[in-house]
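Some notes on the structure that comes next.
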Amino acid sequence: MTDIPAKAVVNSISSGSVLLTLMKARTFIALIAVLLFFSIAAPNFLSAANLILMSKHVALNAFLAMGMTFVIITGGIDLSVGSIVGLCGMVAGYLVLNGVDLQVGYTIYFNVFEIALITLAVGILIGAVNGLLITRLNVAPFIATLGVLYVARGLALLSSDGRTFPNLIGKPELGTTGFGFLGAGRLLGLPVSIWILVVVALGAAYLARYTPLGRHVFAVGGNERAARISGVRVNMVKMFVYMFSGFCAAIVGLIISSELMASHPATGESFELNAIAAAVLGGTSMSGGRGTIGGTIVGAFVIGILSDGLVMMGVSSFWQMVIKGLVIIVAVVVDQAQRRLQSRVTLMQMAKAG
Amino acid sequence: MTGDQDVILKLEDVSKVYSGTVAVKRANFEVRKGAVNVLVGENGAGKSTLMKIIAGVEQPTLGRILLDGEEVSFSSSGDAVTRGIGMVFQELNLFGNLTVAENIFATREITNRFRKIDRKEQERRAAEFLERLEAGIRPDMLVEDLRIGQQQLVEIAKAVSLDARILIMDEPTSALSAAEVEILFKVIADLKAGGVAIVYISHRLEELIRIGDTITVLRDGRITGQAEMKDVDTQWIVRQMIGSDAKDFAKADGHVPGEEIFRAEDICLPRVTGGLAVDHVSLSLRAGEILGIYGLMGAGRSELFDCIMGRHGHSTGAIFIAGKKVHERDTTRRIRRGLALIPEDRQREGLVSILSVASNLTLASLSRFVRLFHIRGAAERQAVTQTVRELAIKVADPTQEVSSLSGGNQQKVVIGKALLTGPKVLLMDEPSRGIDVGAKADVFRTMRKLSRDGLGILFATSDLDEVMALSDRIAVMSNGKLTGIFDRAEATEAALVAASALGHGPVPHGEQGA
């Protein structure tokens, strides 16, 4: 053997590694690209007011996408999140306006904090229903959550007969005021919803990396049988991810109702698709086992900034849909190319090591 | 060998190299027509590879294949089929969601003038083949609704329907009942009379001696013996298979097993299709003892382990650890009680292939490294490093994906994962399957060391050699039943083979009695 082929191998490994690094950072690169593009193409894009407004839009999708990421990592899917957003918004609105009638001449009104807790509990409960259908009754996740999508939406419509609960200002004498804080309030100059996103995202990222539960989520998605034999409580892990997804959806329901100071039963329609798109864009593998919270958040920002930026440029909403679709497809194609390249680089390294 | 005029297929100096391992080394093999050409060898000896070369599934790296005296090369199994070579694969290659007839005629569908599949004709023809096998299988049944043995018969019917001149059967009886085996032998006799050359691979020596005309023995990819069946006996076959050069089994160190650490009482597992996969099995194990469980494929060894680990909710019986009854019925809590399983199928049940070596190692024992709910990274890393060193896992960086390791190192990761749970009783299902010689020696050494440290080890294998060399006692299973328990001193290969064939029909040769 001469030196030349050996060198060529080394060269192609290092060039492969550079390409690989670029591909791994693709979502981040895409984020920088859209930011640069719109800051040039759209006037006022980089103004503080606009950035905060966009972040608020992105936050809604980011919450759902985080819940979706865990679900997808276990190899499942949650189509019901959009409907949970709608139903939870209605629950909150109903409680602010009507309280709970005890049927004995008394009506209990809760304060805003309690209402938020009850709403979150409702979201988690619906997630638990998803989880029970999937783990106990062996319904495929796609079907189970599709069914719950319809049931939850139907219940949301039934709760008000299809009408909107307006003016959720509450009454001071009942202690139900202050509902607008979640959607419109600010802390240290940033919207409350952004702070909540930061807290939940940090919590979720910590959970994924540093807790047994997080590790088990990945193990279940990577190889459910092996996980089961290793003593992982697979059903509990699945229950958790759907309940967490429901929890995230409930947060979104609360924030939207609070922003609008009204609850509309059709809120959240097709949100689940945006959430899936953000997760996939962020590198979550639909076949399970792979994904990160950070990637998903970046993915949500790419999608959110893309659509807001296009709106600001005056691009028609029809074209926006085409562009969003293309971005998702390109992301997955690059993802597959990265996998192939990665395995080739690994094989070459193994061959080199002998 | 004699009878050159009957030779239909000849392999000359054929070698097959996979990345890193040589599966077949310069093999010369002749197949005679109108005869049953038997091929035997231990697991991993290269039988299946050799057959895949003949069937066109694999291409030889070196050497020539002569069919009717002229050199041929098959680029696919379709090539081989058109030249009249059919194969019954060991792992069933059937589509469970299609009917029996559709399976038999897959890729050779009978169509009418409009290129529509002629279902009636297919079923009629399929019924003819099935009738010869007397299996009571209707051609319009779905394959997934059949018993595994019946599926094997469908596979055989499919191969017979090819009208092949050479028919390769790789362990065709592994899932058949005694009656079904008789029928198969009748079919083979018919085919033989029709001039078909049959290549027959099996582990069951008594079967081979009964049905074979010639025998070829493979060991480590090399052909070590060829003879007329009438000239040989079991001892000869075993000698050729094992050879004089003993494998690197770690030596027993003569420590004396302690108190009973594990007992299983009356374990039963019903089969979905009726009958019992594990049939009233009771056994006990002492601390520091290695109990080998020998049996053929489908004997119920893996199923027994599954029952012990609590993987089947509907299994019955009781297990005891250190004299205390284990009431927990789920895997998670049984692991906590001190049981650990190293499953047979590494890829499907042992590893999460997309996670790192480190994550796989600690997957079953994460709770050891947790404070409150936080995984202590330093403690975890230390345990990983220690395990990698102790088991001699060859890995540059434990954060590497486990799928990048060689088979032997992957197996060590599975073993490491089980050991990190701190088990009292280790269940090992075919721990040396599909790994190289060096890794095998490491695994065996580890087993010895663990038994010295006081673990009880139950290990299942279909490798006679292994079970004889490593076990303190040997239990034999057949057809879900425990058919014998032998002390090492009194165990002979013939006795084990005889016990492993019980319940599979008559044992024809007197010499095989214990």
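The values are calculated or read from the model by the stated rules, or taken from the named source; none is laboratory data. Everything numeric here is computed off the predicted structure, so don't read it as measured data. Neighbour counts run over all protein chains shown; Cβ positions are idealised from the backbone, glycine included. For the accessible areas, the whole protein counts, side chains as well, though only heavy atoms, and no ligand, DNA or RNA atoms are used. Shrake-Rupley method; radii C 1.70, N 1.55, O 1.52, S 1.80 Å.
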Mind ranking B:408-417, A:183-192 by how tightly packed they are, going by the mean number of other C-beta atoms within 10 angstrom, highest first?
B:408-417, A:183-192
Determine the residues within the range B:361-393 where the difference in accessible area between the chain on its own and the full set of protein chains amounts to at least 40 Å²; count protein heavy atoms only and use a 1.4 Å probe.
B:Leu363, B:Leu366, B:Phe373, B:His374, B:Ile375
Reachable lysines, given that their alpha-carbon falls under 20 Å from the alpha-carbon of A:Lys56 and they are not under 8 places away in the same chain
A:Lys324
Sum -39500 (n - 2.57) across every DSSP H segment of at least 4 residues in chain A, then divide by the residue count to get the 222 nm mean residue ellipticity, nearest 500.
-25000 deg cm²/dmol
Gain upon complete extension [B:Cys268, B:Ile148; 0.36 nm per residue less C-alpha separation]:
41.3 nm
Long-range amide H contacts for B:Val38: which residues qualify at under 5 Å (H placed 1.01 Å from N, peptide plane, sequence gap of 5 or more or a different chain)?
B:Tyr200, B:Asp213, B:Thr214, B:Ile215, B:Thr216
Taking the Cα atoms only, what angle lies between the long axis of helix A:234-260 and the longest principal axis of chain A, rounded to 10 degrees?
60
Translational diffusion coefficient, Stokes-Einstein: compute it for the range B:99-246 using the Kirkwood radius over C-alpha pairs as Rh, at 20 °C and 1.002 mPa s, and state it as an integer in µm² s⁻¹.
125
Among A:Leu35, A:Leu133, A:Val345 the positive-end extreme of the charge dipole of chain A (Cβ point charges)
A:Val345
In debye to the nearest 20, the charge dipole size for the range A:45-314, taken about the Cα centre with +1 at each Lys and Arg Cβ and -1 at each Asp and Glu Cβ, equals 780
Going by the alpha-carbon gyration tensor, a ≥ b ≥ c the square roots of its eigenvalues, is the range A:143-230 rounded (a/c under 1.5) or, if a/c is not under 1.5, prolate (a/b greater than b/c) versus oblate?
oblate
For helix A:271-281, report the angle its Cα long axis makes with the longest principal axis of the Cα atoms of chain A; keep it between 0 and 90° and round to the nearest 10°.
20
Estimated dipole of the protein assembly as shown in Debye, rounded to 20 [Cβ of Lys and Arg +1, of Asp and Glu -1, Cα centre]
2440
In the range B:326-350, which residues become less accessible by 50 Å² or more once every protein chain is in place, relative to the chain on its own, using a 1.4 Å probe?
B:Thr332, B:Arg348, B:Glu349
Sorted by average packing, counted as other Cβ atoms within 10 angstrom per residue and highest first, what order do B:187-195, B:169-177 take?
B:169-177, B:187-195
Output the Kirkwood hydrodynamic radius of the range A:17-143, Cα pairs only, in Å rounded to one decimal.
18.6
Whole-Hz ³J(HN,Hα) from phi, Karplus 6.51 cos²θ - 1.76 cosθ + 1.60, for the range A:19-35, glycine and proline x:
4, 5, 4, 4, 5, 5, 8, 4, 5, 5, 4, 4, 4, 4, 4, 5, 4
Taking the C-alpha atoms of chain B, how large are the radius of gyration and the largest Cα-Cα span, Dmax, in Å?
24.3, 78
Could you give the dipole magnitude of chain B about its Cα centre, charging the beta-carbon of Lys and Arg +1 and that of Asp and Glu -1, in debye to the nearest 20?
1760
Once you have the Kirkwood Rh of the protein assembly as shown from its Cα pairs, apply Stokes-Einstein at 20 °C and 1.002 mPa s and quote D in µm²/s.
68
Taking the Cα centre of each part, how many Å lie between the range A:26-76 and the range B:344-417?
36
Could you name the lysines whose alpha carbon sits less than 27 Å from that of B:Lys192, not counting residues in the same chain fewer than 8 places away?
B:Lys10, B:Lys33, B:Lys47, B:Lys52, B:Lys158, B:Lys230
For the range B:356-463, radius of gyration divided by Kirkwood radius, i.e. Rg to Rh on alpha-carbons:
0.97
At q = 0.12 Å⁻¹, base-10 log of I(q)/I(0) for chain A (Debye sum, equal scatterers on each alpha carbon):
-0.92
Among A:Tyr210, A:Tyr106, A:Tyr94, which one moves the most in a GNM of chain A with springs linking Cα atoms closer than 10 Å?
A:Tyr106
Nearest 10 degrees, 0 to 90: helix B:377-390 Cα axis against chain B principal axis
60
